[in-house]
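Rule-based calculations on the coordinates, nothing more; no lab input. Bear in mind the structure is a predicted one, so any value in this text is a computation, not a measurement. All Cβ positions, glycine included, derive from the backbone under ideal geometry; neighbour counts span all protein chains shown.
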Amino acid sequence: MCKDTSPKELNFVLCGMNHLAHLYLSSDNEEEMVGQFIADAVKGNDFNLYSADIRNGILLHRWVDSFTDTHDLVKELRAEYRPKLGLYSGVLIDLVFDYFLAKDFQIHSGRDLAEFQQYTFSVLNKHEDIFPEKMKSYFFHMKDKEFMMKYAHPVGMAVIVRQMGMRIPRGEALVEAGDFFLNHVEEASGYFPDFFVELKREFQLKRMNLLNENKIH
């Protein structure tokens, strides 16, 4: 979701932080989940190197990114965030939305977040051998830090953002974005429910198109 809204050299690092919604949307198809997870590390037409379901997951991930970036509610929220965050406004919106999904995961999915995290780890563990190298190291870090559980708490999410800012070149603005997240996350509470309902509905339609035509329109 953040590919067009962050500085180019930080693109993969920042996009890798945002994965809960992607994984949830494909959670009824294990290989599609794998595709959703590795998508940011798969460039151009390299998706053709993978099985049909993994390839579909990669293409669906790209579609979700595009749908989110161009949605009117997201554009409205980005306009509110941009004066303070500049190019990082899109990154924070992605994380804010993952926070609201994690916080009320039982309501949105009918599943317990801790159970879903363990299910995700078990699925990805089975397919780790086909991950691009950069995703192998990220997956280890994701398991070690149990990011999904931290996503459900504003303090935990803010810590993740700040730590990422300290690990990357010229990440001072991202450190500050962690503070912004903690102080302004609730301002976005009115945006997420309508957006997510629409995302789930449109995702299923695009998925059906992909299965029928093997491409996204």
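If one takes the longest principal axis of the Cα atoms in the chain, at what angle in degrees, from 0 to 90 and to the nearest 10, does the Cα axis of helix 133-145 lie? With rounding to tens, the tilt is 60 degrees.
With N as its number of residues, region 115-158 has a Cα radius of gyration that, divided by 2.2 N^0.38 Å, comes to 1.24. A 22 angstrom limit on the alpha carbon distance is what I want to check against. Which of K134/K206; K103/K143; K145/K200 exceed it? Over 22 Å apart, Cα to Cα: K134/K206; K145/K200. Can you give the angle from 0 to 90° between the axis of helix 154-167 and the longest principal axis of the chain, with both taken from C-alpha atoms, to the nearest 10? It is inclined by approximately 90 degrees.
Against the chain, whose longest principal axis is taken from its Cα atoms, helix 172-184 shows a tilt of about 80°. The region of the chain that goes longest without hitting one of the trypsin sites (Lys or Arg not before Pro) in a DSSP loop, each with at most 16 other Cβ atoms within 10 Å, is 44-110. Beyond 22 Å, the tail of the calculated P(r) for the chain holds 47 percent of the Cα pairs.
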